[in-house]
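Trainee: Handing you this structure, nothing more for now.
The values are calculated or read from the model by the stated rules, or taken from the named source; none is laboratory data. On a predicted model such as this, the values are computed, not experimentally measured, just so you know. No Cβ is skipped: glycine too gets one built from the backbone with ideal geometry, and neighbour counts run over all protein chains shown. Surface accessibility is based on the protein's heavy atoms, side chains included, excluding ligands, DNA and RNA. Shrake-Rupley method; radii C 1.70, N 1.55, O 1.52, S 1.80 Å.
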Amino acid sequence: MQIILLGAPGAGKGTQAKRLSAKYNLLHVSTGDIFRENIKNSTDIGIIAKSFIDKGQLVPNDVTVEIVKERLEQEDCKNQGYLLDGFPRNIEQAIELDKFSKIDLVLNIGVDINKLINRITGRRVCPKCGASYHVTTLNGETLCKACKTELILRDDDNEETVTKRIEVYNKQTAPLIDYYKKQGKIATVDGNLGIDETFNQIVKILG
Ligand code: ADP
Ligand code: ZN
């Protein structure tokens, strides 16, 4: 099964993707993670990507489409279903994706826009295993519960960049809901609920 997770920054795509990939044995393909890995290794793609990500803008389509295409052409993705997290993020990317992938379902995680800034600026992530937490539940703890690595605040999780990312989402990404409605592929879940409740809604949809 090929699934897209759609939602604003902070909607919980990454969190749900991790759980879903474990339960349904799907590969988790996150463009944000791929870019961050490239940034860490100072690759050419990483250097380009960082200049856009730090400003809250989308990385150009040619770069982004190419890395996704390359990833999906690898052997594991041919033999196993996958979850796309963070791609596509605009109509052009969706049109390109339709040329090299057959999507079965698009899960739209809806969240009240006014919740997003707090969710993201309070987010702390593990640079090693990718787990993410919110300061309100960490109670001052600074280490990842799963692997004991020091948690970090992502460079692009400051209020100014988040505001820009939400604006980009509203303008460029939200129109994808209609795009996939027309293809009859959209299912919407309520991302305002807790992590477990949202997950349970998705599980019901997947059966
Ligand atoms: P979030 O969903 O919380 O915004 P991501 O980790 O998915 O975080 O993405 C971080 C940044 O990486 C985005 O703000 C954007 O700059 C870049 N990025 C990720 N996916 C794409 C994409 N499909 N197209 C263009 N840029 C992307
Ligand atoms: Zn960790």
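Trainee: Given the Cα-Cα distance of Asn114 and Lys99 and 0.36 nm per residue of separation, how much length would full extension add, in nm?
Mentor: 1.9 nm
Trainee: Can you work out the accessible area per residue across the stretch 136-207, with the rest of the protein chains kept in place, probe 1.4 Å, in square angstrom?
Mentor: So the stretch 136-207 comes to 60 Å² accessible per residue, rounded to a whole number.
Trainee: For Lys128, give me every one of the aspartates and glutamates with a C-alpha distance below 15 angstrom, ignoring sequence neighbours fewer than eight places off in its own chain.
Mentor: Asp33, Glu37, Glu150
Trainee: Magnitude of the Cβ-charge dipole of the chain, K/R +1 and D/E -1, about the Cα centre, nearest 20 debye?
Mentor: 440 debye
Trainee: Just report the Cα centroid separation between the stretch 59-122 and the stretch 136-201, whole Å.
Mentor: Computed from Cα coordinates, the inter-centre distance equals 13 Å.
Trainee: I'd like the accessible area for Thr15, computed on protein heavy atoms only with a 1.4 Å probe and all protein chains in place. Round to 10 Å², please.
Mentor: 50 Å²
Trainee: Could you list, in their original order, any pairs among Lys40/Lys148; Lys23/Lys78; Lys148/Lys181; Lys148/Lys204 whose Cα atoms are separated by more than 31 Å?
Mentor: Table pairs above 31 Å Cα-Cα are Lys148/Lys181; Lys148/Lys204.
Trainee: Sticking with this one: Could you tell me whether the stretch 71-185 comes out rounded, prolate or oblate from its Cα gyration tensor? Rule is a ≥ b ≥ c as square roots of the eigenvalues, rounded for a/c under 1.5, then prolate if a/b exceeds b/c, otherwise oblate.
Mentor: oblate
Trainee: With each label point set 7 Å from Cα along the Cα-Cβ vector, what nm distance links Asp190 and Leu143?
Mentor: According to this spin-label approximation, the distance is 3.8 nm.
Trainee: Same structure again: Defining a contact as two alpha carbons under 8 Å apart and six or more residues distant in sequence, what relative contact order in percent does the chain show?
Mentor: Reported relative contact order: 30 percent.
Trainee: Before rounding to the nearest 500, sum -39500 (n - 2.57) across all DSSP H runs of length at least 4 in the chain and divide by the residue total; then give [θ] at 222 nm in deg cm²/dmol.
Mentor: Mean residue ellipticity at 222 nm (helix-derived): -14000 deg cm²/dmol.
Trainee: Hey, got the dipole for the stretch 1-93? About the Cα centre, +1 on K and R Cβ, -1 on D and E Cβ, debye to the nearest 20?
Mentor: I would put it at about 460 debye.
Trainee: For an R0 of 35 angstrom, estimate the FRET efficiency from the Cβ-Cβ distance between Met1 and Lys171 and round to the nearest 0.05.
Mentor: 0.70
Trainee: For the chain, set up a Gaussian network in which alpha carbons nearer than 10 Å are linked by springs, and say which option among Arg119, Arg89, Arg71 fluctuates the most.
Mentor: Between Arg119, Arg89, Arg71, it is Arg71 that shows the largest mean-square fluctuation.
Trainee: Here is a follow-up. Among Val63, Asn25, Ile45, flag the residue with its Cα farthest along the positive direction of the charge dipole of the stretch 17-71, charges on Cβ as +1 for Lys/Arg and -1 for Asp/Glu.
Mentor: Among Val63, Asn25, Ile45, the one farthest towards the positive end of the dipole of the stretch 17-71 is Asn25.
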